[in-house]
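The values are calculated or read from the model by the stated rules, or taken from the named source; none is laboratory data. Just so it is clear, the structure is predicted and the values come from calculations on it, not from any experiment. Here the Cβ positions follow ideal geometry from the backbone for every residue, glycine too, while neighbour counts run over all protein chains shown. These area figures cover heavy atoms from the full protein model, side chains too; ligands, DNA and RNA do not enter into them. Shrake-Rupley method; radii C 1.70, N 1.55, O 1.52, S 1.80 Å.
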Amino acid sequence: MGETKPVPSEPVQRGSRRARATPKGRPVDPQTLAEVQALLGAEPRSRDYLIEHLHKIQDRYGYLPAAHLVALAREMRLAPTEVYEVATFYHHFDVVKEGDVAPARLTVRVCDSIVCELAGARELLKSLRESLGAGVRVIAAPCVGRCDQAPVAVVGKNPVGRASVEQVRSRLNESALDCPIEPYVDYAQYRAGGGYRLLRQCTEGSLAAEAVMAALERSDLRGLGGAGFPAGRKWRLVRAETAPRLMAVNIDEGEPGTFKDRVYLERDPHRFIEGMLIAAWCVGIEACYVYLRDEYAGCREILTRELARLRADPPCPLPQIHLRRGAGAYICGEESAMIESIEGKRGIPRLRPPYVAQVGLFGRPTLEQNMETLHWVRDILEKGPEWFASNGRRGRKGLRSFSVSGRVKKPGMYLAPAGISARELIDEYCDGMADGHELYAYLPGGASGGILPARLADLPLDFDTLRPHGCFIGSAAVVVLSQADKARDAAANVMRFLADESCGRCTPCRAGTAKAVPLIGDPIWDRELMEELCGVMADASICGLGQSAPNPLRCVMKYFSHEIE
């Protein structure tokens, strides 16, 4: 028999494609796909639900197995790279590749923000790592929004205020997924107290949209998330845009030192919800998206319950209301980054223009508002804009919800007149400085608001009043330092935070914050180099994180030069 000759392969014409025997990329395991489908249930598979679905997998397994990410991509008709890039962007998602060791089922997070660091968080973190068993993962975490209870540890989703090793250990035997909820004003109680009566008056025609916007303008209510844009003017701008319009409510509250929104949600959630619905009616909003930071598990449970009760017995026709869960990213407090996150993407700020009011969520005109701003709508309309504006000191107007923490006797959230000074806030509301401590410095606006010395503690705290001194009030997070502290150490803490939270999109912020961290550690600062770096970050960063990052550094050089020379 002669030798069999191989059959030559059929020539492939240029530009043609040969059919693949298997799908391109990693194959999907049928069992894993079934597990993902069961977790998602009847929930939509649209792209904007990606982060919600990642949470379902993370909650179920304690991490994100690579095989489940591939299955999720198939189920949502996304490329695996799209799912992976989102999952790896957010702090609270733990992606585990095949062959890697999965993290312990239970995670204990110890807040290492400036206030918790003052209260001994470093020592607590070290002790917990040494004393807890191998079945528990102990990691440092950025601010968890409980600065009035520092130091704070979070066992699973269960926060432990003024934490000690013993307290954390005792919580390990409890259900770590259950976050205790204190009594609050629920739907029935809110309605019994006159709640939603104002909303009905609006929807039934007793109040005109023009009258509502005019009242907000006369009250001088400004955005209380930090930017301070006049609320009435913003409503007018969005209302003038072409329908359909959407609304995004910012409850990300990731600024170290800030916890006011959490306190309001834990006490009286429907007051904010009614304000949101009045805004939706006034502006002509089709759907509302409430973006809540992931650290607020108790608030999420409260809102889930109360929105269900509201829908079951609505006082009037309601727009669609979507509750969306953040995943641990400070940058998502920036309005356009938050919108990207709601759309199921990485929280990367957008270039502007166009502005969110013109092209926002899903490309539609969007009213973006902080939760506390909406909290005041009912009171202003019922009591009158003059009532709200009449509060204030030193010529300022309105009320401010101050989150006060640090070296004071009674840290907490205090409602005080706009224009009050830090010294008055400490003496009149916090019962003075903690025993053995004297006022040395204070941060008037959280991590990025700058640092001022005690000799400037009589300045009025309000929008615009602190800019001549290189600071701003932001979300009114006042962190108090004493003679036991150093301003340079505070600047180092917040700069580490900002470097870690930079989204990385623009070089001035990404490289600038990372470069600043080691420079701060030098015993003697290179002022010329530091100022050059600050200038680049402030002038060339595309969003507020990088633009405000130099504030603490410049304040140290201006007011606390004795610490760095």
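When DSSP beta bridges are limited to those with both residues in segment 57-169, what percentage is antiparallel, rounded to the nearest 5?
If we restrict to bridges inside segment 57-169, about 45 percent are antiparallel.
As a test, work out the antiparallel percent of DSSP beta bridges whose residues both lie in the chain, rounded to the nearest 5.
Among the beta bridges of the chain, antiparallel pairing accounts for roughly 40 percent.
Using the charge dipole of the chain (Lys, Arg: +1 at Cβ; Asp, Glu: -1 at Cβ; taken about the Cα centre), state which of ALA297, THR258, MET276 has its Cα farthest towards the positive end.
MET276
Which whole-number percentage describes the relative contact order of segment 387-473, with Cα contacts under 8 Å and a sequence gap of 6 or more?
23
Taking θ = phi - 60°, what integer Hz values does the Karplus form 6.51 cos²θ - 1.76 cosθ + 1.60 yield along segment 247-257, in sequence order, with x for Gly and Pro?
9, 10, 9, 8, 10, 6, 6, x, 5, x, x
Can you tell me how much longer the chain between ASP464 and ARG169 gets when fully stretched, taken as 0.36 nm per residue apart minus their C-alpha distance, in nm with one decimal?
So the extension gain works out to 101.6 nm.
Starting from the amide H of GLY223, placed 1.01 Å from N in the peptide plane, find each other amide H under 5 Å away whose residue is 5 or more places distant or on another chain.
Counting only residues 5 or more places away or on other chains, the set is GLY228, PHE229, ALA231.
Hey, what do the phi angles of segment 322-335 turn into as Karplus ³J(HN,Hα) couplings, whole Hz, using 6.51/-1.76/1.60 and θ = phi - 60°, x for Gly and Pro?
10, 9, 10, 9, x, 9, x, 7, 4, 4, 6, x, 6, 4
Using the Cα centre as the reference, give the magnitude of the dipole from point charges on the C-beta atoms of the chain (Lys, Arg: +1; Asp, Glu: -1; all else neutral), rounded to the nearest 20 debye.
So the magnitude is around 1260 debye.
Over 28 Å between Cα atoms, which of LYS126/LYS345; LYS234/LYS260; LYS409/LYS486 qualify?
Pairs exceeding 28 Å: LYS126/LYS345.
If you roll a 1.4 angstrom probe over the protein chains with everything in place, what fraction of the accessible area of segment 517-565 belongs to carbon and sulfur, to the nearest %? Intermediate values should be presented prior to the final figure.
Numbers: 1210 of 2250 Å².
Its accessible area is 54 percent carbon and sulfur atoms.
Out of ALA418, PRO365, PRO44, whose Cα points farthest toward the positive end of the dipole of the chain (charges: +1 Lys, Arg; -1 Asp, Glu; placed on Cβ)?
PRO44
Going by amide H atoms built from the backbone, whose H comes under 5 Å of the H on GLY360, apart from near neighbours?
HN-HN under 5 Å from GLY360: THR366.
For segment 529-539, just list the computed ³J(HN,Hα) in residue order, Karplus coefficients 6.51, -1.76 and 1.60, θ = phi - 60°, integers in Hz, with x standing in for Gly and Pro.
Once θ is set to phi - 60°, the couplings for segment 529-539 become 5, 5, 5, 4, 5, 4, x, 5, 5, 5, 8 Hz.
Can you give the FRET efficiency to the nearest 0.05 for GLN483 and ARG527, using r as the Cβ-Cβ distance and R₀ = 30 Å?
0.75
What label, among (1) 1.05; (2) 1.01; (3) 1.11, belongs to Cα Rg over 2.2 N^0.38 Å computed from the structure on display?
Matching the structure shown: (1).
In terms of modelled amide H atoms, which long-range or inter-chain residues lie less than 5 Å from the amide H of ALA141?
VAL110, CYS111, ASP112
Among SER482, HIS437, SER502, whose Cα sits farthest toward the positive end of the charge dipole of the chain (+1 at Cβ of Lys/Arg, -1 at Cβ of Asp/Glu, about the Cα centre)?
The one lying farthest along the dipole's positive direction is SER502.
In segment 175-307, what % of DSSP beta bridges are antiparallel (nearest 5)?
Counting only bridges with both partners in segment 175-307, antiparallel ones make up about 10 percent.
Using a/c under 1.5 as the rounded threshold, could you call segment 361-465 rounded, prolate or oblate? The axes a ≥ b ≥ c are square roots of the C-alpha gyration tensor eigenvalues, and prolate needs a/b larger than b/c, oblate otherwise.
Details: a/c = 2.17, a/b = 1.62, b/c = 1.33.
Verdict is prolate for segment 361-465.
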